[in-house]
1. Filter the stretch 172-206 down to the residues that are more than 11 Å from the ligand (Cβ to nearest atom), surrounded by fewer than 20 Cβ atoms within 10 Å (Cβ to Cβ) and either under 25 Å from A90 (Cβ atoms) or among the charged types (D, E, K, R) (or both) and list them by number.
2. Quick one: which strands (runs of 3 or more DSSP E) sit completely within the stretch 207-299 and have at least 2 residues that are surrounded by 16 or more Cβ atoms within 10 Å (Cβ to Cβ)?
3. Of the residues that make up the stretch 213-229, is at least one within 30 Å of S164 (Cβ to Cβ) and touching an Asp or Glu at 6+ places or on another chain (Cβ under 6 Å)?
4. Please identify the pairs in which a residue from the stretch 173-191 that is acidic (D, E) has its Cβ atom under 7 Å from the Cβ atom of a residue that is within 9 Å of the ligand (Cβ to nearest atom) and open to solvent by less than 40 Å² (accessible area, probe 1.4 Å), counting only partners at least 6 apart or on another chain.
5. Anything in the stretch 72-89 that is near the ligand (Cβ under 9 Å from one of its atoms) and assigned to a helix (DSSP H, G or I)? List them, or say none.
6. Taking into account only those residues within the stretch 105-122 that are of a type outside the set (S, T, Y) and more than 16 Å from the ligand (Cβ to nearest atom), which is most open to solvent (accessible area, probe 1.4 Å)?
7. Residues of the stretch 123-135 being among the aliphatic types (A, V, I, L, M) and either open to solvent by 30 Å² or more (accessible area, probe 1.4 Å) or in contact with a His (Cβ under 6 Å, 6 or more places away or on another chain) (or both), which ones?
8. Check Y142, Y121 and return the single one that is over 29 Å from D70 (Cα atoms) and aromatic (F, W, Y).
Amino acid sequence: MKKVLITGALGQIGSELVSRLRKDLGIDNVIATDIRKLDDNFICDEGIFEKLDVTDYNSFLKLAKDNKVDTIVHLAALLSATAEKNPKFAWDLNMTGLMNALEIAKELKTKFFAPSSIAAYGPDAQPDNTPQDTVMNPTTMYGVTKVAGELLENYYNRKYNVDSRSVRFPGLISYKVEPGGGTTDYAVDIYYQALLTGKYECYIDKGTKMDMMYMDDAIDAIVKLMNADEKRLVHRNSFNITAMSFAPEEIFESIKKYIPNFKMEYKVDPVRQKIAESWPNSIDDSCARKEWDFNPKFDLDSMTKEMLEKLEQKLKAEGKI
Ligand code: SER
C-alpha cells in the first residue's frame with residue numbers, strides 16, 4: 001500500500017484508519033472520502049478529503065484515477081440494525097457500493113479491502129468456536145450483503161486477479177467516533193453512560209454473548225492483512241478475527257472494577273436481540289492467526305481500562321463531565 005482511497009472515512013473504523021495510514025504512508029497518500037460533509041470533529045482534516053457517494057460509479061472512478069491510488073479500502077455500508085429497518089436500501093447501498101469499488105479495483109489494478117462481519121453467520125452455524133469455513137445462512141439483510149460481498153470479492157480475485165482481502169469483524173469498541181446503527185453498539189454506549197450518568201439501560205439481554213475487539217487491534221489487523229505475503233493466504237474473503245467474547249453482564253462487571261457504583265438495568269430491544277441471537281457466541285480465528293499472524297493485544301479488562309481513561313479525557317475536553 002502506497003496510496004490509499006478510503007470510503008466511509010468519517011465512520012467509526014474509517015476515522016481511525018485514516019489517521020493511522022496518514023502516519024504510516026504520509027498525509028497526502030490517503031484520500032479520505034465519505035457521503036457526509038467534513039465537520040470540525042473530523043480528526044484528520046489536514047489531509048485530502050472528498051465527498052463521495054459510492055453508488056456513483058463515475059465520480060468514484062474519477063477520484064481513484066485522478067489520485068493514482070494503488071489500494072481501495074471500501075468501508076461505506078449500512079450496519080445491521082439500520083439495515084433491518086430499510087432492507088431494500090441496505091441492499092442497494094451495500095451491494096452497489098461494493099460492486100463499484102471492485103470494478104474500479106479491477107480497472108485500475110489496485111489492492112482491495114472491504115470488511116465482512118460476524119453477521120455473515122446465521123443461526124444454522126455452530127454457535128461456539130464457529131469455524132472459518134462452515135454453513136453461513138445469515139437471517140439479516142446486513143448479513144446477506146456481507147456473505148454476498150465475500151463471494152463477490154473472491155470472484156473478482158479468481159476471475160480478474162484483484163488482490164482482494166477481508167476480515168469478519170466482531171463488534172468494534174472505540175472512543176473517537178461512535179458507531180451508528182449496529183447491534184454491538186451497546187458495548188460502546190455502556191462506557192459513555194458509565195462516565196456520563198453512572199447507569200446504563202442495556203438493550204441486549206443478559207447471557208447474550210458476542211465477539212468483540214478494541215479498535216487498535218482492528219486497525220492493526222487491516223494493516224497486517226494488507227501487508228501479508230500473498231503466498232501464505234489460503235483464505236481471502238473473509239478471515240474470522242476476534243479478541244474476546246462477552247455478554248452484557250461481563251462488560252458491566254469489568255466497568256464496575258473502576259466505577260464501583262455503576263448500575264445496569266435491562267430493557268431489551270426485540271429487533272436487536274433477535275439479530276444478536278442469530279450470530280455466533282464466539283468465532284474461531286485460528287486461520288487468521290496461522291496465515292498472517294493475527295494477534296490482538298487487548299482483552300476485556302485492558303480494553304475497559306483504556307476506554308475509561310481515553311473517553312474520560314475526551315468527555316472532559318468537550319465539557320460534558
Ligand atoms: N458491529 C456490527 C453491527 O452490529 C457487526 O458487524 O452491525
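The values are calculated or read from the model by the stated rules, or taken from the named source; none is laboratory data. The model shown is predicted, which means the values in this text are computed figures rather than measured ones. All Cβ positions, glycine included, derive from the backbone under ideal geometry; neighbour counts span all protein chains shown. Quick note on the areas: whole protein, heavy atoms, side chains included, nothing else; ligands and nucleic acids left out. Shrake-Rupley method; radii C 1.70, N 1.55, O 1.52, S 1.80 Å.
1. If the condition is that a residue be more than 11 Å from the ligand (Cβ to nearest atom), surrounded by fewer than 20 Cβ atoms within 10 Å (Cβ to Cβ) and either under 25 Å from A90 (Cβ atoms) or among the charged types (D, E, K, R) (or both), then K176, V177, E178, D189, K199, E201, D205, K206 are the ones that fit.
2. Once the strands (runs of 3 or more DSSP E) in the stretch 207-299 are filtered for at least 2 residues that are surrounded by 16 or more Cβ atoms within 10 Å (Cβ to Cβ), what remains is 210-214, 244-246.
3. Yes, there is a match, as at least one residue in the stretch 213-229 is within 30 Å of S164 (Cβ to Cβ) and touching an Asp or Glu at 6+ places or on another chain (Cβ under 6 Å).
4. Between residues of the stretch 173-191 that are acidic (D, E) and residues that are within 9 Å of the ligand (Cβ to nearest atom) and open to solvent by less than 40 Å² (accessible area, probe 1.4 Å), the close pairs are E178/Q12; D185/P179.
5. Matches in the stretch 72-89: S80, A81, T82, A83.
6. Once the filter is applied, the top-ranked residue is K109.
7. Result: V135, single match.
8. Just a single option satisfies the conditions, and that option is Y121.
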